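The values are calculated or read from the model by the stated rules, or taken from the named source; none is laboratory data. What you are looking at is a predicted structure, and each value in this text was computed from that prediction instead of being measured. We place every Cβ from the backbone using ideal geometry, glycine too, and count neighbours over all the protein chains shown.
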Amino acid sequence: MWDFFFNKPANSEPIASVPVHPITRAMLEEAPDGSLYRLGHSTILLKLRGGWWITDPVFCERASPVQFAGPRRFHAPPIAIDELPPLDGVILSHDHYDHLDYRAVRQLAGKSKVFLTTLGVGDRLIGWGVPADKVLQYGWWQDVEINGLRFTATPAQHFSGRGLRDGNRTLWASWVIEDGDQRIFFSGDSGYFPGFAEIGKHFGPFDLTLMETGAYNEHWPYVHMHPEQTMQAHQDLLGRWLLPIHNGTFNLSMHPWWDPFERIVQLGRERAVPVATPMMGERFSLQAPHTGSRWWQDMMVAQDAAPDVALARH
Ligand code: ZN
Ligand code: ZN
């Protein structure tokens, strides 16, 4: 813990802001079904059957109980909540600060038709002022059909809590999203565990997996995945395209900030798995998937050459 707070390597944060493709309301209104935008960390905006869905919406400056301390964003969100079109639903994996943003939830309460959450997290939302009839909470393997889409809360190996006395009182989960025979997996946060193979058996193959890789550390191997485990989990799930999340936005571990991207792309090459790394805010199409550019590499080379200037933006 001492190292985590006081001896963070300089390269665990970028020297300059991570580049962002700004998104406008008009762009979203014109976007075809199957459009997907990474807004940061584990926040994914997704258009299915004409409706918009968002996973783990975090728009705040710091993933922390307070806004004067704690991990600060590497980039601004590509679009503000006010600019977002009305949403069919918010999908929440668990209640950690880098996944559940109080102010975002309050702002989305009027904008989103439903909040799909895990057991206990829904009670938090109601306590925060989200109308109870919009809150749907599930245990693992429970599902709901909305507007022709099926959402299933599936297992994850993680933990929960936002304070000192609420550890593991609410559930954590991953989510399976089915649109006819098109299937998407959203990992939430998880360590590597046999649940991925089980989910793959029930729901695979997946057209796209949104997989956490980032914030890993040898001291907490059971609650987050190293890139090799992320790749294995993707294969256990019978995934086709892999889009790595939980990286590039907050400094939550000791590794260089580009490490998750570099390693997962390398593993993709070795195992012939297509890995998509869209820039924050760049459109990714489920109908015509593309790897996107490896946008972090120039920043990585520049920062490696000048390690001392890291953290200068603070
Ligand atoms: Zn977490
Ligand atoms: Zn997390």
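Given the structure, is Phe59 more than 25 Å from Asp33 (Cα to Cα), touching a Pro at 6+ places or on another chain (Cβ under 8 Å) and more than 16 Å from ligand 1 (Cβ to nearest atom)? For Phe59, the condition - more than 25 Å from Asp33 (Cα to Cα), touching a Pro at 6+ places or on another chain (Cβ under 8 Å) and more than 16 Å from ligand 1 (Cβ to nearest atom) - is not met.
Would you check if there is a residue in segment 156-176 being without any contact (Cβ under 8 Å) to a residue 24 or more places away in the chain, within 21 Å of Trp52 (Cβ to Cβ) and away from ligand 2 (no atom under 15 Å from the Cβ)? Lay out the reasoning, then the answer.
Step one: filter segment 156-176 for residues without any contact (Cβ under 8 Å) to a residue 24 or more places away in the chain, giving 164-168.
Those still in the list that are within 21 Å of Trp52 (Cβ to Cβ) too: none.
No, that holds for no residue.
Remark: pairs (first residue in segment 203-214, over 16 Å from Gln287 (Cα atoms) and more than 16 Å from ligand 2 (Cβ to nearest atom); second residue at pLDDT 95 or above and of a type in the set (S, T, N, Q); Cβ separation under 9 Å; 6+ apart in sequence or on different chains) = Phe203/Thr152; Phe203/Thr154.
With respect to being assigned to a helix (DSSP H, G or I) and either away from ligand 1 (no atom under 16 Å from the Cβ) or under 18 Å from Val130 (Cα atoms) (or both), Val66 falls outside the description.
Yes/no matrix, rows are residues, columns are (1) under 16 Å from Asp189 (Cα atoms); (2) at pLDDT 95 or above:
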{"residue": "Pro221", "(1), (2)": "yes, no"}
{"residue": "Met225", "(1), (2)": "yes, yes"}
{"residue": "Met231", "(1), (2)": "yes, yes"}
{"residue": "Leu237", "(1), (2)": "yes, yes"}
{"residue": "Ser253", "(1), (2)": "yes, no"}
{"residue": "Glu270", "(1), (2)": "no, yes"}
{"residue": "Leu286", "(1), (2)": "no, yes"}
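Residues in segment 24-35 include at least one that is under 18 Å from the mean Cα position of the chain (by Cα) and touching a residue at least 60 places away in the same chain (Cβ under 8 Å). Exactly one residue out of Thr117, Thr152 is away from ligand 1 (no atom under 16 Å from the Cβ) and within 19 Å of Glu212 (Cα to Cα): that is Thr152.
Assessment of segment 180-196 against the conditions (within 15 Å of ligand 1 (Cβ to nearest atom), under 23 Å from Val58 (Cβ atoms), at pLDDT below 95 and in contact with a Phe, Trp or Tyr (Cβ under 8 Å, 6 or more places away or on another chain)) yields no matching residue. The residues in segment 33-63 that are among the charged types (D, E, K, R) and not in a loop (DSSP other than H, G, I, E, B) can be counted, and the count is 3.
Could you check, for segment 208-215, whether at least one of its residues is surrounded by fewer than 21 Cβ atoms within 10 Å (Cβ to Cβ) and among the acidic types (Asp, Glu)? Step through it out loud before you land on a result.
Filtering segment 208-215 down to residues surrounded by fewer than 21 Cβ atoms within 10 Å (Cβ to Cβ) leaves none.
Within segment 208-215 (the criterion being surrounded by fewer than 21 Cβ atoms within 10 Å (Cβ to Cβ) and among the acidic types (Asp, Glu)), the answer is no, since none of the residues qualifies.
For segment 177-196, how many residues meet the condition of being of a type in the set (Gly, Ala, Ser), free of Cβ contacts under 8 Å to residues at least 40 places away in the same chain and surrounded by 15 or more Cβ atoms within 10 Å (Cβ to Cβ)? Give the steps one after another, and end with the answer.
Going residue by residue through segment 177-196, those that are of a type in the set (Gly, Ala, Ser) are 180, 187-188, 190-191, 195.
Next cut, free of Cβ contacts under 8 Å to residues at least 40 places away in the same chain only: 180, 191.
Narrowing further to those that are surrounded by 15 or more Cβ atoms within 10 Å (Cβ to Cβ): 191.
The number of residues fulfilling the criteria is 1.
Tell me, which strands (runs of 3 or more DSSP E) wholly within segment 87-149 include 1 or more residues that are within 16 Å of ligand 2 (Cβ to nearest atom) and buried (at least 16 other Cβ atoms within 10 Å of the Cβ)? Don't jump to the end; show me each part of the working.
Details: elements: 87-91, 112-118, 135-138, 143-146.
Filter on segment 87-149 gives 87-91, 112-118.
What number of residues within segment 35-61 are buried (at least 21 other Cβ atoms within 10 Å of the Cβ) and among the small types (Gly, Ala, Ser)? Qualifying residue count for the region: 2.
The rows are residues; the columns are (1) in contact with a helix residue (DSSP H, G or I) (Cβ under 8 Å, 6 or more places away or on another chain); (2) over 23 Å from Leu28 (Cα atoms); (3) acidic (Asp, Glu).
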position: Pro205; (1), (2), (3): no, yes, no
position: Gly214; (1), (2), (3): yes, yes, no
position: Tyr222; (1), (2), (3): no, yes, no
position: Asp236; (1), (2), (3): yes, yes, yes
position: Met254; (1), (2), (3): yes, yes, no
position: Thr277; (1), (2), (3): yes, no, no
position: Met280; (1), (2), (3): no, no, no
position: Gly292; (1), (2), (3): no, no, no
position: Asp298; (1), (2), (3): no, yes, yes
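When segment 216-241 is examined, which residues are found to be surrounded by 19 or more Cβ atoms within 10 Å (Cβ to Cβ) and away from ligand 2 (no atom under 16 Å from the Cβ)? Matches in segment 216-241: Met231, His234, Asp236, Leu237, Gly239, Trp241.
Among the residues that make up segment 70-77, is at least one of them within 16 Å of ligand 1 (Cβ to nearest atom) and either in a strand (DSSP E or B) or surrounded by fewer than 15 Cβ atoms within 10 Å (Cβ to Cβ) (or both)? Before you say what the answer is, go through the steps one by one.
Start the filter on segment 70-77 by keeping residues that are within 16 Å of ligand 1 (Cβ to nearest atom), which leaves 70-71.
Then drop every residue that is not either in a strand (DSSP E or B) or surrounded by fewer than 15 Cβ atoms within 10 Å (Cβ to Cβ) (or both), which leaves none.
Scanning segment 70-77, I find no residue that is within 16 Å of ligand 1 (Cβ to nearest atom) and either in a strand (DSSP E or B) or surrounded by fewer than 15 Cβ atoms within 10 Å (Cβ to Cβ) (or both), so the answer is no.
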